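Let me begin by presenting the structure, written as structure tokens, before commenting on it.
Rule-based calculations on the coordinates, nothing more; no lab input. None of these values were measured; they are calculated from a predicted model. Backbone-built Cβ (ideal geometry, glycine too); neighbour counts: all protein chains shown.
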Amino acid sequence: MSLALCTTSHTPLMGRAEPAPEVVDRVESAFDRARAFIRDYGPELVVIFGPDHYNGFFYDVMPPFCIGAAAESVGDYGLPTGPLPVDAEAARAIAREVLASGIDVAVSERMQVDHGFGQPLELLFGAIDAVPLVPVFINCVAEPLGPVSRIRLLGEAVGRGAAATGRRVLVVGSGGLSHDPPVPRLDGAPPPVAERLIAGRNPTPSERAVREARVIDAIAGFAAGTSDLMPLNPQWDTEVMGVLAAGDLERVDDWAVDWFVENGGHSAHEVRTWIAAYAALAAGGRYQVETSFYEAIPEWIAGFGLTTARTVPA
């Protein structure tokens, strides 16, 4: 049994809005290092923490956390559609450990996931179906959001469950860092938008295309400096990454919900997936970060980070 970690930002703008070539080269070099780390580790199971952007989870029932015993990709932003290779036995065992730890978690036998899960799987493994996995959804956008301390406790419990499988487990956190894309909010939404946030599953291809084009246009304005979306915050991003790398995870318990929005934008809450991933890794003991990359990339409306780490033998 062993645990290792990879955390990465995601953005549907990759391949659609290009930063300067040297920026793209630096990002690709960081992914090359992460992929080499993963090949060297040779995971037998991947536990991936990811958010959703009103593609799989809606306000008809919005759980704070959900473990998928089966899942499929909705294929937004050109990603593949279809089932993920979920290890149902491992998913249910991890869910039992989480519940036994006093953390309320939903379990889905028909989870739908979007680019928050699909993109890192494609970038790190070459396909969404390349490795057995357990998807763990964390609500990062649908208010109200719970305290950050619960994210840490969730991660610890998932880590214990993953370690108990006796396999080499790679924990992936997908999201963050500072970014404030035009994701709608239920409070004050016009009735058609509110209805989509409550029960918007399975849009038609044309409906999905219209929504995605709207997001891409809004982010193009952000990159051009003509948007009122919140700027990226590299100082905040590196502070958060530093706390996680240092292993001082109990510090996150003091991070207020509003603190994320004030410093990193509404979708900065996606860093909850990183917190959960690092807490899961810490369940295996002391850890050490092996690679770390960060760059603020306005064209992708993302403070873009990528880290790898593994537990250190006692």
Using a Gaussian network model of the chain whose springs link C-alpha atoms within less than 10 Å, name the residue from A90, A246, A106 with the highest mean-square fluctuation.
A246
For the range 1-143 (alpha-carbon point model, no solvent) the Debye-based log₁₀ I(q)/I(0) at q = 0.09, 0.14 Å⁻¹ works out to -0.29, -0.69
So how many Å³ per residue does the convex hull of the Cα atoms of the range 34-103 work out to?
136
Give the peptides 305-311, 22-28 in descending order of average Cβ contacts within 10 Å, highest first.
305-311, 22-28
Neighbour counts of other C-beta atoms within 10 Å: give me R272, R39, R208 arranged from fewest to most.
R39, R208, R272
Give the peptides 187-196, 48-57, 160-169 in descending order of average Cβ contacts within 10 Å, highest first.
48-57, 160-169, 187-196
Over all pairs of different Cα atoms in the range 164-314, the reciprocal of the mean inverse distance gives a Kirkwood radius in Å of 17.4
Please list, ordered by chain and number, the residues whose modelled amide H lies under 5 Å from the amide H of G176; skip anything fewer than 5 residues away on the same chain.
H10, E270, V271
Amide H to amide H, which residues 5 or more places from V171 or on other chains are under 5 Å from it, using H placed in the peptide plane?
A4, L5, C6, V47
Restricting to Cα atoms and excluding each atom paired with itself, what does the Kirkwood estimate give for the chain in Å?
19.2
In which sequence would S73, S2, S108 go, from the one with the fewest C-beta neighbours within 10 Å to the one with the most?
S2, S108, S73
Highest-fluctuation residue, S101, S149, S206 considered, GNM on the chain with Cα pairs under 10 Å:
S206
Just to check I understand the Karplus step: with θ = phi - 60° and J = 6.51 cos²θ - 1.76 cosθ + 1.60, what whole-Hz values come out for the range 175-189, glycine and proline as x?
x, x, 9, 5, 5, 9, x, x, 8, x, 10, 5, 5, x, 5
The ³J(HN,Hα) series, computed from each phi in the range 297-314 with the Karplus coefficients 6.51, -1.76 and 1.60 at θ = phi - 60°, rounded to the nearest Hz and given as x for glycine or proline, is 10, x, 4, 9, 6, 8, x, 9, x, 8, 10, 10, 7, 8, 5, 9, x, 5
Whole-Hz Karplus couplings 3J(HN,Hα) for the range 116-131, θ = phi - 60° and coefficients 6.51, -1.76, 1.60, Gly and Pro as x, run x, 9, x, 5, x, 5, 5, 5, 8, 10, x, 6, 7, 10, 8, 8
So what is the calculated 222 nm ellipticity per residue for the chain, using -39500 (n - 2.57) for each DSSP H run with n of 4 or more, over all residues, to the nearest 500 deg cm²/dmol?
-12500 deg cm²/dmol
Everything considered on the Cα gyration tensor (a ≥ b ≥ c; rounded for a/c under 1.5, else prolate if a/b is larger than b/c, else oblate), the range 257-314 must be described as oblate
Starting from the coordinates of the alpha-carbon atoms of the range 72-149, obtain the Kirkwood hydrodynamic radius over all distinct pairs and give the value in Å to one decimal.
13.9
Taking amide hydrogens as modeled 1.01 Å from N in the peptide plane, which residues meet the under 5 Å criterion relative to E290, leaving out close sequence neighbours?
T308, A309, R310
Taking just the alpha-carbon atoms of the range 158-243, what radius of gyration and Dmax come out, in angstrom?
18.5, 52
